[in-house]
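The values are calculated or read from the model by the stated rules, or taken from the named source; none is laboratory data. Small disclaimer: the values here were computed from a predicted structure and weren't measured. FYI the Cβ positions are ideal-geometry reconstructions off the backbone, even for glycines, and counts take in every protein chain you see.
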Amino acid sequence: MRLLAGILPIALAAASPSLAESPEEIFSRGNSAYEAGRFDEAAEAYRSVLRYGVRDARVEYNLGCAAFRTGRLGESVLHFERAARLAPGDPDVRTNLELVRSRCFDRVEEPEIAAPVRWVRAAQDRLGPDRQAVALLVLLWAACAWIVARAWRPEGWTPAAAWVLAALLAAGGAVGASWLSTRSRIEAPVAVVLESSIEVRAGPGEHNAVLFTAHEGLGLSIREERSGWLQVSLPNGLNGWVPASAVGRV
Amino acid sequence: MTRRDLRIGAVLAALAVGGAWGELRAADDLRVRAWVEPGPTVNDAEPFALAVAVEGAEVPDVSIDRLTGLTNLRVLSGPFKSQSSSFELRGTSLQRSASVILRYTLLAEGPGPAEIPSLEVRVGSRTMRTEAIRIQAVRGRPGAAAGPQRHPRAGARDRQAEPADVLLRAECRPTEAWIGQPIFLEVVLLAAGGDVERFSWLDPPSLEGFWVEDVAVDPNAERTRAEIGGRPYVSYPVMRRVLVPTSAGDLEVASFTGQIQVRRSTGDLFEDFFLQGRGSIAVRTTDPIRIRVKPLPEQGKPEDFSGAVGSFRVRATLDRREARVDDAIGLRVSVEGDGLLETARAPSLDAPQDVKVFEPKTTGSVSAERGRIRSTKTWEWVLVPLHPGEVRMPPVRFSYFDPSQGAFREVREEPGSLVVRRGEPSGEERGVARGAIRAERKDIAFIKPLRGELSERGPGIHRRPVFLAFVAVPLLALPVGILLGRHRARLRKDLGLARSRRAAALARRRLRAAERRAARSDGASFHEEVGRALVEYVADRFNRSPAGLTYDVADELLASRGVEAPLRGRFRACLETCDFARFVPESRAEERMADVLREAREIVTALERSR
């Protein structure tokens, strides 16, 4: 029995990232290693934190920094992208992501986006999907309360009351559309090339022709998955199939 | 067992014995024999047929496991099974005969004696054996003299057909080469006097000592006419390959053997139309080709020799001419030309000190056309300038061996220069005064510290149940609130309705007041309150003034709403009791008041039910 009691903690410690430390302690240890210039050790600590199921923008961000310092551009882009999804309004995440992308080999011509659309997207990113969801909820409650209140009032619906309701509904519609748009943008399936270069093929299999070569750090939109292969596309219209093992999903 | 049972048993036994005897006789009738077509003398360039026939009145399933033990022979194809049966009238009886024939196509491996051993033939459940067949193979003469044999399955109608003339020739260019120099191999099928219907290779050689690249070929589209010995031939290219010798010495391109099925016109319109002419199969072998491969000379071999042999040119381009410090710049170097670049090393790149160079990515392609192999190989480097200023890129050099000159060559190309600015826009670009503090270079922002606990949820409040509850509650409450509001407004507008809705509540409140008076033994006041509760209930319910509500009027109002006579009677009796008790002291007993109160409550409840 004593033997079992001794073996069990060891087995559990081997199975889980580290039972002796909490995620916060491992994160702090990673930060210390990073500050001391031991970037590989820091990256491993951040990866251990993620194995706990933590979904925190700080962990993804710091792992992106550590991966960049150790020369793994693809992994760095992947974790900065994840951090951007968890904290869309964080300016450090945006700055680092932009810089790491500038170091990647592939340059993809993206279609020009009109200035108003860029502004709206920037505002959406600053707010983030959760704040927009809460705003939508507040507007929904306000509109419902206003309708009920007018039903209880003896004078009923006056023109002013109707205008207030229209304004509430319009604001709710706008916030709701913005929320859905932000969600669809942030939750769109995207993959990042992790290997130094991969061949993008015409079909899911090695026997298909190579259409083009994608290099480490390139972001690819996922369109379909089939037996270990992903159909991906680029903003310039190019598309093809890559092995799922060669990319990381954001 | 009865006598009848014995008789039936005897009949069944007789039938069984008869059946077994018939089976045995049928088996005894079976004969097996084997022969070769056209005869015991064959040549080693033409296939011939081996036929194994089983004949009898009834022939069950026939099979041969495998042709083994052949001497100086190999099997090209088979077995092909055919069956036939016939009936013959002998005297007064009709006799049936059947045969099953298995046919193989064989080829002698060389001149000399050959033998087909005794074969085991499985006929139903029996195993039968054929006689061994001895054959004499003579050296075949590809072409008209030896002549291709008839198709082994063609039958008697081919016996008089003139042989078609087919040749298979292989050619290598050049036959003397340097290590790494591409050699073009082409195998051509020449046919005269018939159309080639089918062509297939028999055991193609492995071509050891060469790196082999297949070249696409379309025999029908690329066929040409040729004349050999004054006879016109149609020439079909059936194979093209580029061979690259990987070691020095005398190498051999071994013989290729192909099986050709030729069909030729007989001149008989009927036979040509219905039987598509006459067919024959021929086997042809190319002569082996000897190739002398020379080693590359050591004299004049550059230190950065790439290993490529052929004739090449190089192109080098930068993806932009201006950049900032720490930007990634692509340098693309392409080498293309005649020869193979599969194993060629990257060109020499002497990057300046203030440029960081990452490992190149490599892509390449090989194609062959018109007897030449063309290769392209591209190396893409990522360069990161570390300091501002003009970076002059030195030429990219690629050295190779030119087999036509027998010497090493070097080609070079200058990618040009690069203007590198500081990481941040310059002062002039930003419109700030000179001397302003600027960043020397760009780098990623620093890591984030730990403040508070780490989150395990991340964003996505909409995925949480509480969010859905907060959405659902106002949507569900909305119709309820609207209905309540409307109801309230309606009561406010319709006083009669409001009184009617409040009637029961008010009556019960007055009955409770009466109960309190009963507790104080105030009988007169109690009965007055009960009577008032009943009268005002009817007045409220029918939106009437209680002042002029007599017994008769109240009875009429209740009757108008369908209240049944017994209940109306109880209502009137209760009222009369109350009026009477107010003035008759003898009836003020406490138990009497409790009965009156109970009766009044039941009446109100019953009247509410009858609404």
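Below is a table of values for the structure above.
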| read-out | value |
| --- | --- |
| Contacts under 6 angstrom Cβ, first residue in the range A:125-140 being facing chain B (nearest Cβ under 7 Å) and closer than 9 Å to A:P88 by Cα, partner of a type in the set (K, R) and assigned to a helix (DSSP H, G or I), 6 or more apart | A:P129/A:R183 |
| Helices (runs of 4 or more DSSP H) wholly inside the range A:70-169 that include at least 2 residues being within 30 Å of B:R486 (Cα to Cα) | A:115-152 |
| Any hit, the range B:454-466, residues being at the interface with chain A (Cβ under 7 Å from one of its Cβ atoms) and part of a helix (DSSP H, G or I) | yes |
| Test: B:E303 is more than 44 Å from the chain's Cα centre (by Cα), modelled with pLDDT of 80 or more and part of a loop (DSSP other than H, G, I, E, B) | yes |
| Residue selected from the range B:582-598 under the condition more than 16 Å from B:R510 (Cβ to Cβ) and crowded, with 16+ Cβ neighbours inside 10 Å, by the criterion modelled with the lowest pLDDT | B:R588 |
| Residue within the range A:74-82 that is basic (K, R) and surrounded by fewer than 21 Cβ atoms within 10 Å (Cβ to Cβ) present | no |
| Residue list for the range B:453-471, restricted to those being in contact with a Leu (Cβ under 7 Å, 6 or more places away or on another chain), at pLDDT 85 or above and of a type outside the set (V, I, T) | B:F470 |
| Close pairs from the range A:41-61: first on the phi > 0 side of the Ramachandran plot and at the interface with chain B (Cβ under 7 Å from one of its Cβ atoms), partner surrounded by fewer than 20 Cβ atoms within 10 Å (Cβ to Cβ) and not in a helix (DSSP H, G or I), Cβ under 7 Å, at least 6 apart | A:G53/B:E456 |
| Evaluation of A:G89 against (1) within 11 Å of chain B (Cβ to nearest Cβ); (2) closer than 30 Å to B:E359 by Cβ (one fails), failing number | (2) |
| Criterion: of a type in the set (S, T, Y), at the interface with chain B (Cβ under 8 Å from one of its Cβ atoms) and closer than 27 Å to B:D326 by Cα - qualifying residue of A:S76, A:S32, A:S102, A:S28 | A:S102 |
| Test: residue in the range B:488-505 that is within 60 Å of the chain's Cα centre (by Cα) and surrounded by 14 or more Cβ atoms within 10 Å (Cβ to Cβ) | no |
| Matching residues, the range B:301-334, being closer than 28 Å to B:L386 by Cα and among the β-branched types (V, I, T) | B:V314, B:T317, B:V325, B:I329, B:V333 |
| Elements of type strands (runs of 3 or more DSSP E) contained in the range B:89-138, each with 2 or more residues being in the same structural domain as B:P60 (by TED's automatic domain parsing) and either at pLDDT 90 or above or closer than 30 Å to B:R284 by Cα (or both) | B:93-108, B:112-116, B:133-138 |
| Number of positions in the range A:214-239 that are assigned to a loop (DSSP other than H, G, I, E, B) and either more than 23 Å from B:G364 (Cβ to Cβ) or within 14 Å of chain B (Cβ to nearest Cβ) (or both) | 8 |
| Condition broken by B:P465, with the remaining ones in (1) loosely packed, with under 11 Cβ neighbours inside 10 Å; (2) in the same structural domain as B:C578 (by TED's automatic domain parsing) satisfied | (2) |
| Tabulated pairs, the range A:190-205, first more than 14 Å from chain B (Cβ to nearest Cβ), second crowded, with 18+ Cβ neighbours inside 10 Å and part of a loop (DSSP other than H, G, I, E, B), C-beta under 6 angstrom, 6+ apart or interchain | A:V190/A:V250 |
| Residue identified as in contact (Cβ under 8 Å) with a residue 60 or more places away in the chain and either closer than 30 Å to B:G531 by Cα or within 8 Å of chain A (Cβ to nearest Cβ) (or both) among B:A489, B:A518, B:A498 | B:A518 |
| Residue match in the range A:171-185 (condition: within 13 Å of chain B (Cβ to nearest Cβ), closer than 30 Å to A:L99 by Cα and touching a Gly at 6+ places or on another chain (Cβ under 8 Å)) | yes |
| Any hit, the range A:206-213, residues being out of contact with any helix residue (DSSP H, G or I) (no Cβ under 8 Å at 6 or more places or on another chain), of a type in the set (F, W, Y) and within 11 Å of chain B (Cβ to nearest Cβ) | yes |
